[in-house]
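Just below is one structure, and these are the notes that go with it.
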Amino acid sequence: MSDTPDTSHYAHGHHSSVLASHALRGIKDSAPHLAPLLRPSMNILDLGSGPGSITLELAKAVGPDGHVTGLDFSAEAVRTASAAAEERGTSNVDFRIADLYSLRPGGDGLQSGYDVVHAHQVLQHLPDPVQAIRVAASLVSPGGILSLREVDYSATTWSPPSIGLDTWLRVLRGYMSLEGHDADAGGKMATWLDEAGIPASAVRLTQREQTYTTPEARKAWGESWVQRALHSAFRDLSIKHGLLDQAGVGAVAQAWQDFADAPSGNFTFRHTEALVRF
């Protein structure tokens, strides 16, 4: 895999350390708001499908009479997801390279509408999230669902206290802003939906915390960020924008290793979830 991050749409890049971290995601932890609404035979479009872990679980949920298409602008992510589908023998899923802004109902091999259009942690990376919502909404069939989930990094907490993780969060939010992304997208979801012309009566917003508390979860999360700090777009964009030097990157990586090795602690994200019914 390439060590050069592609950040034209994605602030984290697609280094193998990022894809490996995201491959741990599934419906239970990343689409809990959507899970009760999934039914056999649904057709689903997964926007920004990345390594495909959520997409493959969606395919399992809709069964052999349903189908899921995963779209991502990164060829590396699409290759990774397609390989995962082949390895699992999942036949009711396909992955394609696409740019969200160019999507049209019935165009580029897409259906005229989908029962569910899903996007997990996508809007925060886009230069025009309001237009992205409009495009996504146009791909939903009458009676269908638009499912969105975004983090608000400003609400992130952890223990034990760590100056290194303080630096990590400040730098991450800093370079995302400088790259034209929005690290606090979750807190802006309601405003973006309104600006996209989605009636408030059609929207159900919820907030949920995702916490890493067990030793296994903290170790996996912390060590994934050790690799991301050292090798992914975090390193490159931090240095590019003068937010860290190489020694600073190393200090952040060590802070994550210390978190992973701590005998106790937790790390908590806050997410905003939107279900829009058409």
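The values are calculated or read from the model by the stated rules, or taken from the named source; none is laboratory data. Quantities reported herein were computed from a predicted structural model and do not represent experimental measurements. Please note: Cβ atoms are built from the backbone with ideal geometry, for glycine as well, and neighbour counts cover all protein chains shown.
Of everything in the stretch 232-267 that is of a type in the set (D, E, K, R) and part of a helix (DSSP H, G or I), the residue that is farthest from Gly222 (Cα to Cα) is Lys240. Filtering the stretch 127-155 to residues that are of a type outside the set (Asp, Glu), crowded, with 18+ Cβ neighbours inside 10 Å and within 26 Å of Val249 (Cβ to Cβ) leaves Val151, Tyr153.
When each of Leu172, Leu178, Leu205 is tested for being crowded, with 18+ Cβ neighbours inside 10 Å and modelled with pLDDT of 95 or more, the lone residue that passes is Leu172.
So is Ser91 of a type in the set (Ser, Thr, Tyr), exposed (fewer than 14 other Cβ atoms within 10 Å of the Cβ) and within 29 Å of Arg204 (Cα to Cα) or not?
Numbers: of a type in the set (Ser, Thr, Tyr): yes; exposed (fewer than 14 other Cβ atoms within 10 Å of the Cβ): yes; within 29 Å of Arg204 (Cα to Cα): no.
In short, no.
Of everything in the stretch 28-54 that is assigned to a helix (DSSP H, G or I), in contact with a Ser or Thr (Cβ under 9 Å, 6 or more places away or on another chain) and not polar (S, T, N, Q), the residue that is surrounded by the fewest Cβ atoms within 10 Å (Cβ to Cβ) is Leu37.
If you go through the stretch 230-251 and keep only what is farther than 15 Å from Met176 by Cβ, surrounded by 19 or more Cβ atoms within 10 Å (Cβ to Cβ) and touching a Lys or Arg at 6+ places or on another chain (Cβ under 9 Å), you end up with just Val249. For the residues Leu165, Leu146, the requirement of being under 25 Å from Gln246 (Cα atoms) and touching a helix residue (DSSP H, G or I) at 6+ places or on another chain (Cβ under 6 Å) singles out Leu165.
This table checks each residue for (1) in contact (Cβ under 8 Å) with a residue 60 or more places away in the chain; (2) in contact with a His (Cβ under 8 Å, 6 or more places away or on another chain); (3) more than 23 Å from Ala119 (Cα to Cα); (4) of a type in the set (D, E, K, R).
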{"site": "Arg173", "(1), (2), (3), (4)": "no, no, no, yes"}
{"site": "Ala196", "(1), (2), (3), (4)": "yes, no, no, no"}
{"site": "Thr206", "(1), (2), (3), (4)": "yes, yes, no, no"}
{"site": "Tyr212", "(1), (2), (3), (4)": "no, no, no, no"}
{"site": "Ala233", "(1), (2), (3), (4)": "yes, yes, no, no"}
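Screening Ala200 against (1) in contact with a Phe, Trp or Tyr (Cβ under 7 Å, 6 or more places away or on another chain); (2) more than 27 Å from Leu56 (Cα to Cα) leaves a single unmet condition, (1).
Just wondering, is there one or more residues in the stretch 96-111 that are under 14 Å from Phe278 (Cβ atoms), of a type outside the set (Ser, Thr, Tyr), buried (at least 20 other Cβ atoms within 10 Å of the Cβ) and in contact (Cβ under 8 Å) with a residue 12 or more places away in the chain?
Looking for residues that are under 14 Å from Phe278 (Cβ atoms), of a type outside the set (Ser, Thr, Tyr), buried (at least 20 other Cβ atoms within 10 Å of the Cβ) and in contact (Cβ under 8 Å) with a residue 12 or more places away in the chain, one finds none in the stretch 96-111, hence no.
Trp225 - would you say it is in a helix (DSSP H, G or I), touching a strand residue (DSSP E or B) at 6+ places or on another chain (Cβ under 7 Å) and under 19 Å from Ala155 (Cα atoms)? It is false that Trp225 is in a helix (DSSP H, G or I), touching a strand residue (DSSP E or B) at 6+ places or on another chain (Cβ under 7 Å) and under 19 Å from Ala155 (Cα atoms).
When you check Ser17 against the structure, is it of a type in the set (Ser, Thr, Tyr), assigned to a helix (DSSP H, G or I) and modelled with pLDDT under 95, yes or no? Against the criterion (of a type in the set (Ser, Thr, Tyr), assigned to a helix (DSSP H, G or I) and modelled with pLDDT under 95), Ser17 qualifies.
The rows are residues; the columns are (1) at pLDDT 95 or above; (2) in a strand (DSSP E or B); (3) charged (D, E, K, R); (4) more than 15 Å from Val122 (Cβ to Cβ).
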| site | (1), (2), (3), (4) |
| --- | --- |
| Leu56 | yes, no, no, yes |
| Pro64 | yes, no, no, yes |
| Val68 | yes, yes, no, yes |
| Glu76 | no, no, yes, yes |
| Glu86 | yes, no, yes, yes |
| Ser91 | yes, no, no, yes |
| Asp94 | yes, yes, yes, yes |
| Pro105 | yes, no, no, yes |
